[in-house]
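Remarks on the structure that follows.
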Amino acid sequence: MKNTILSFVLLIAITALQAQGQNGNVIRQSACGDATILHQADSIKQEMIKQGFIVVKEASMTMESEYEMPVIVPLNQGSWYQFIFIGDASSKLYEVRMYDWNEKEVMYQKKMWGDVDGNIIRYDYVPRFSEYHMIKPLQVNKKKKKDLCGYVMLLKRLK
């Protein structure tokens, strides 16, 4: 009898945990496939590889207008990194903020739709400490589109 009750309680707990992951309380990052953004990313990657960088991380991601998409990356002290964010071409504003482990903002960059390379934000960064950093890209779309495509790349310079 005890085993039956215990099995029943475990079954309810497992079902509740599975339901929690499916009801929208958990944010899952999903990829997107905007051909223009993928072409821009490939061109930038080729250019950076020629300059002695290697790709550490890259991902396409579905974003929503006016919402940040946090990306957490481990960075090594003294290494030269370049971070690149490519946003949807129909957005009017692009921002990237970077925070260190202590949640101190260490970088901020903003671009507008009319700027040269307006949908691309690139910056170099050399961390003072080996620790995780949080990068928060954001874009604001003119048409308030729900499913915007964004692309992030982290490259590291080889010595």
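Given the structure, is Gln29 in contact with a Phe, Trp or Tyr (Cβ under 9 Å, 6 or more places away or on another chain), part of a loop (DSSP other than H, G, I, E, B) and either modelled with pLDDT of 95 or more or exposed (fewer than 15 other Cβ atoms within 10 Å of the Cβ) (or both)? No.
Which of the following residues is within 18 Å of Ile49 (Cα to Cα), at pLDDT 95 or above, in contact with a Gly (Cβ under 9 Å, 6 or more places away or on another chain) and not hydrophobic (A, V, I, L, M, F, W, C): Arg122, Arg157? Working first, answer last.
Numbers: Arg122 fails: in contact with a Gly (Cβ under 9 Å, 6 or more places away or on another chain).
Within the list Arg122, Arg157, the selection yields Arg157.
If you take the residues of the range 79-115 that are within 17 Å of Ile37 (Cβ to Cβ) and hydrophobic (A, V, I, L, M, F, W, C), which of them is surrounded by the fewest Cβ atoms within 10 Å (Cβ to Cβ)? For the range 79-115, the residue satisfying everything is Ala89.
Checking Lys92, Lys136 one by one, the residue that is outside any loop (DSSP other than H, G, I, E, B) and over 17 Å from the mean Cα position of the chain (by Cα) is Lys92 and no other. None of Met134, Met112 is of a type in the set (A, V, I, L, M, F, W, C) and within 14 Å of Tyr99 (Cα to Cα) except Met134. For Lys159, the criteria (1) without any contact (Cβ under 8 Å) to a residue 24 or more places away in the chain; (2) assigned to a strand (DSSP E or B) hold in every case but one, which is (2). Take Ile44 and tell me if it is part of a helix (DSSP H, G or I), within 21 Å of Ile135 (Cβ to Cβ) and modelled with pLDDT of 50 or more. So Ile44 passes the test. Taking every residue in the range 63-79 that is touching a residue at least 40 places away in the same chain (Cβ under 8 Å) and part of a loop (DSSP other than H, G, I, E, B) and pairing it with any residue that is surrounded by 15 or more Cβ atoms within 10 Å (Cβ to Cβ) and among the polar types (S, T, N, Q), at least 6 positions away or on another chain, the pairs with Cβ-Cβ distances below 7 Å are Ser65/Gln139; Ser65/Asn141.
The values are calculated or read from the model by the stated rules, or taken from the named source; none is laboratory data. This one's a predicted model, so the numbers in the text were calculated from it and none came from an experiment. Neighbour counts are summed over all protein chains in view; Cβ atoms, including those assigned to glycine, are modelled from backbone coordinates with ideal geometry.
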